[in-house]
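Visitor: Sharing a structure below in structure tokens format, with a few things to ask.
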Amino acid sequence: MAEMNMAKAINLALLEAMTKDPKVIVMGEDVGPDEGVFRITEGLYAKFGGDRVIDTPLAESGIIGTAIGMAIYGMKPVCEIQFSGFDYYNYHQLESHAARFRNRTRGRLTVPMVMRAPYGGGIRALEHHSESREAIYAHTPGLKVVIPSGPRNARALLHSAIQDPDPVIYYEPKACYRLFREDVPETMETLPIGKAQVVKQGTDITLISYGASMRATLEAAESLEEEDGVKPEIIDLLSICPLDTDTIIESVRKTGRAVVIHEGPRTCGLAAEVIARINEKVLEYLEAPVLRVTGYDVPIPYFSKEQAYLPDSDKVLNAARKTLSF
Amino acid sequence: MPRKPIELPKIEYLSILNEHGELDKELEPKIDNKSLIEMYRYMLLARRTDERMLLMQRQGRCGTFPQSSGHEAISMGSIFNINKNDWHVPAYRELAGLLWRGWPLEHILLYWNGFEEGASPPEGVNDLPVCVPIASQLLHAAGIGMAMNIEDRSEGGKKKEKKVVMTYFGDGASSEGDCHEALNFAAVFNAPVVFMCLNNQYAISVPLSKQMKNETIAQRAVAYGMPGIKVDGNDVLAVYQAAKEAVERARKGEGPTLIECLTYRVTPHTTADDPKRYRSEDETKEWMLRDSLPRFAKYLETKGVLSEKERNALEEEVDTQIKAAVQNAEEMFKSEALLNPLNMFDHLYEDVPPYLQEQKDELRDHFKTKGKDWSNPQKKAQTPASSRQ
């Protein structure tokens, strides 16, 4: 066991994956000697050299497009897009090509690649550096989307993403990079993509979240227990697509109440999908309407007001109490 | 069939005032004394503002921002050739040009301190705001130029002096697809756009040699079918001259030009960057000796346009101006009108649709439970005066 933060855990996963499989290639802007603007690729260029840790020209579409070619040829590219706010440049390559090659070639050509990008607000960054648009990718058939919430699951999920036979979007909650440390086991772990984790068992209400919003969710859960004597069950989705319907409905069947929390915009956000599945499968078990605490349907404000935009424990607590007293 | 070479235009390099302040008299552009002082003033204002913002950032009084120090000659030498009716489409190191165009210093400070109000161009200023994503602004510049042509033709095409667009991008941006598309559109549609490339040789940590294999960025102009030239980007006279010729061509209806300005990013990429990780300090020091400001000051002094004493007085004047603007901006940072989080809903569409109004009410009620009522009508923040003197 070693204690580390999420940035270090992601770095460790890259190091392990590259050591284990010579086909794993890291590419992106400033991932080489600079070791990434968040230092996620620390030590990799020095260890593996410029053929496996590639500083590309400044072109996101170029990065993802060439990674698709590499993946089809047999490599396992792990691309870093510097900030998720710049991955719209390469969305076309993902939507029109990475997501479709397997389907249009009836399984003959596949694209086993990973796009990593730091996403989300809360670090007082400049414009275009704080978005949370995972729903776009979840809405793109053919892509998988995973989002870790802590060091241990970050390392395990990245291994799963790299080993996955299909393109995986791996969004990193940048606000959590150095927020806390956690024990990470010596042996390499994976987590099945498409499986959520029940991080806390409870009986009265299900709180469903992922990524950076897990912090606000856990904090609110603590208040619910201490102040209201309520036993919340907490689900960390981890995998945004495929979504783990079973774990969600099993919990809601037990609690009869749920709140879904994420920082991306509300309309067509992940909460909408989660609630739709709850309605489809366990409507008769519900004691109250399922509420959602999300970012608003506006671009995340510049940093002077970003905290008002983000879900915080107060907002989660309010929603949970409303659900409980329905 | 014999193989035969295809003749292509040659690419020139232009330098007028070298790093030692030596002047090529034959190439010296004719600029009146008042204009020369004005150019120097805005370069200085940008430099001092940038330095001041760096101090503020280190003190936690400013957000992360990309420094513009070292890029003043490119911005000022080019922008000085356009008029109020023309358009300015910046990237993010054109501080001198923004101030000269009439953006209040307070807007600059607001923008980099996390207030959207700073990105709002002042009334009557035909500028787009700073563009943080890379190269995408170039397509907007091409589009504005295309619209100018369409408007001009719809009016009979009789205008002798056409309007122009001045736009900016970096060497890193030259790798983006948007850059290619913008240059090609501008060429195909003969758009009156001057593309100013700030080649500062680094895209964060990636040096030019890893960015491209061509010797110059300017030579790409040949491929698009427009004139291209490379100039010393620390020589404000060379930038001025090249931009002047490009603007004249555009005004006559002869289309776009690509100007590559060679400089060096003497500062980190942004205040969050540490260049020691990827380049030697000696390299940076060497380029600092080629700074545009001292050589321009020496030129002005030798020419008898601005004595050392006058220069010092100007510096004091500029510093006073910055001090007042910082004070004003810091008052604005505290004003409830700007801090009101409910204003995040007000400008997304012309009207606030019902679902968004519902979210706005929800956030208002949320703050009320915390004892803060943002719905009270707030005094509107006063728009500061232009920094143009």
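The values are calculated or read from the model by the stated rules, or taken from the named source; none is laboratory data. In this text, all values refer to a predicted model and were calculated from it rather than measured experimentally. FYI the Cβ positions are ideal-geometry reconstructions off the backbone, even for glycines, and counts take in every protein chain you see. The area values use the complete protein model at the heavy-atom level, side chains included, leaving out ligands, DNA and RNA. Shrake-Rupley method; radii C 1.70, N 1.55, O 1.52, S 1.80 Å.
Visitor: Which residues, taken from the range B:244-277, are in a helix (DSSP H, G or I) and in contact with a Lys or Arg (Cβ under 6 Å, 6 or more places away or on another chain)?
Guide: Of the residues in the range B:244-277, the ones in a helix (DSSP H, G or I) are B:244-251, B:275-277.
Across the range B:244-277, the qualifying residue is only B:Arg251.
Visitor: Every residue in the range A:204-245 that is among the β-branched types (Val, Ile, Thr) and open to solvent by 10 Å² or more (accessible area, probe 1.4 Å), please.
Guide: A:Val230, A:Thr245
Visitor: Right, another one. Filter the range B:227-280 down to residues that are open to solvent by 10 Å² or more (accessible area, probe 1.4 Å) and of a type in the set (Gly, Ala, Ser) and give me whichever is nearest to the other protein chains (Cβ to nearest Cβ).
Guide: By that ranking, first place goes to B:Ala272.
Visitor: Regarding A:Pro167, is this residue at pLDDT 95 or above, farther than 28 Å from B:Gly63 by Cα and assigned by TED's automatic domain parsing to the domain that holds A:Thr19?
Guide: Working: at pLDDT 95 or above: yes; farther than 28 Å from B:Gly63 by Cα: yes; assigned by TED's automatic domain parsing to the domain that holds A:Thr19: yes.
Criteria met by A:Pro167.
Visitor: Scan the range B:331-344 for residues that are in a helix (DSSP H, G or I) and either open to solvent by less than 50 Å² (accessible area, probe 1.4 Å) or away from every other protein chain (no Cβ under 13 Å) (or both) and jot them down. It would help to see each step written out before you state the result.
Guide: So the first thing to find is which residues in the range B:331-344 are in a helix (DSSP H, G or I), and the list is B:331-334, B:336-339, B:341-344.
Listed by number, the residues that qualify are B:Glu331, B:Met332, B:Phe333, B:Ala337, B:Leu338, B:Pro341, B:Leu342, B:Asn343, B:Met344.
For (1) part of a loop (DSSP other than H, G, I, E, B); (2) farther than 30 Å from A:Glu3 by Cα; (3) modelled with pLDDT of 95 or more, each residue gets a yes or a no:
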{"position": "A:Gly107", "(1), (2), (3)": "yes, yes, yes"}
{"position": "A:Met115", "(1), (2), (3)": "no, no, yes"}
{"position": "A:Ile136", "(1), (2), (3)": "no, yes, yes"}
{"position": "A:Gly142", "(1), (2), (3)": "yes, yes, yes"}
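Visitor: Criterion first (open to solvent by 20 Å² or more (accessible area, probe 1.4 Å) and either free of Cβ contacts under 8 Å to residues at least 60 places away in the same chain or away from every other protein chain (no Cβ under 14 Å) (or both)) does B:Val130 satisfy it? Reasoning before the result, please.
Guide: Details: open to solvent by 20 Å² or more (accessible area, probe 1.4 Å): yes; either free of Cβ contacts under 8 Å to residues at least 60 places away in the same chain or away from every other protein chain (no Cβ under 14 Å) (or both): yes.
It is true that B:Val130 is open to solvent by 20 Å² or more (accessible area, probe 1.4 Å) and either free of Cβ contacts under 8 Å to residues at least 60 places away in the same chain or away from every other protein chain (no Cβ under 14 Å) (or both).
Visitor: Please give the helices (runs of 4 or more DSSP H) falling wholly within the range A:241-326 in which 2 or more residues are more than 14 Å from chain B (Cβ to nearest Cβ).
Guide: Working: elements: A:245-255, A:270-282, A:306-309, A:313-324.
Answer list for the range A:241-326: A:245-255, A:270-282, A:313-324.
Visitor: Take the residues of the range B:1-38 that are outside any loop (DSSP other than H, G, I, E, B) and among the charged types (D, E, K, R): which is most open to solvent (accessible area, probe 1.4 Å)?
Guide: Of everything passing the filter in the range B:1-38, B:Lys34 is most open to solvent (accessible area, probe 1.4 Å).
Visitor: Mind checking whether some residue in the range A:113-120 is outside the structural domain of A:Gly211 (by TED's automatic domain parsing) and surrounded by fewer than 20 Cβ atoms within 10 Å (Cβ to Cβ)?
Guide: Let us first name the residues in the range A:113-120 that are outside the structural domain of A:Gly211 (by TED's automatic domain parsing), namely A:113-120.
Narrowing further to those that are surrounded by fewer than 20 Cβ atoms within 10 Å (Cβ to Cβ): none.
The answer is no, given that none of the residues of the range A:113-120 is outside the structural domain of A:Gly211 (by TED's automatic domain parsing) and surrounded by fewer than 20 Cβ atoms within 10 Å (Cβ to Cβ).
Visitor: Scan (1) under 28 Å from A:Leu179 (Cα atoms); (2) within 14 Å of another protein chain (Cβ to nearest Cβ); (3) open to solvent by less than 20 Å² (accessible area, probe 1.4 Å) for the single condition A:Phe83 breaks and write down its number.
Guide: (3)
Visitor: Here is a further query. Inside the range A:144-166, can you point out the residues that are under 14 Å from the mean Cα position of the chain (by Cα) and either among the hydrophobic types (A, V, I, L, M, F, W, C) or part of a loop (DSSP other than H, G, I, E, B) (or both)?
Guide: Residues satisfying the conditions are A:Val145, A:Val146, A:Ile147, A:Pro148, A:Ser149, A:Gly150, A:Ala154, A:Ala156, A:Leu157, A:Leu158, A:Ala161.
Visitor: Which of the numbered conditions does B:Gln321 fail, given that it passes all the others? Conditions: (1) of a type outside the set (A, V, I, L, M); (2) assigned to a loop (DSSP other than H, G, I, E, B); (3) under 21 Å from the mean Cα position of the chain (by Cα).
Guide: Result: B:Gln321 fails condition (2) only.
Visitor: Looking at (1) away from chain B (no Cβ under 11 Å); (2) buried (at least 18 other Cβ atoms within 10 Å of the Cβ), can you tell me which one A:Glu95 breaks?
Guide: (2) is the only condition that A:Glu95 fails.
Visitor: Could you check the range B:77-125 and list, in sequence order, the residues that are more than 14 Å from every other protein chain (Cβ to nearest Cβ) and open to solvent by 40 Å² or more (accessible area, probe 1.4 Å)?
Guide: Residues satisfying the conditions are B:Asn83, B:Lys84, B:Asn85, B:Trp87, B:Pro121, B:Glu123, B:Gly124.
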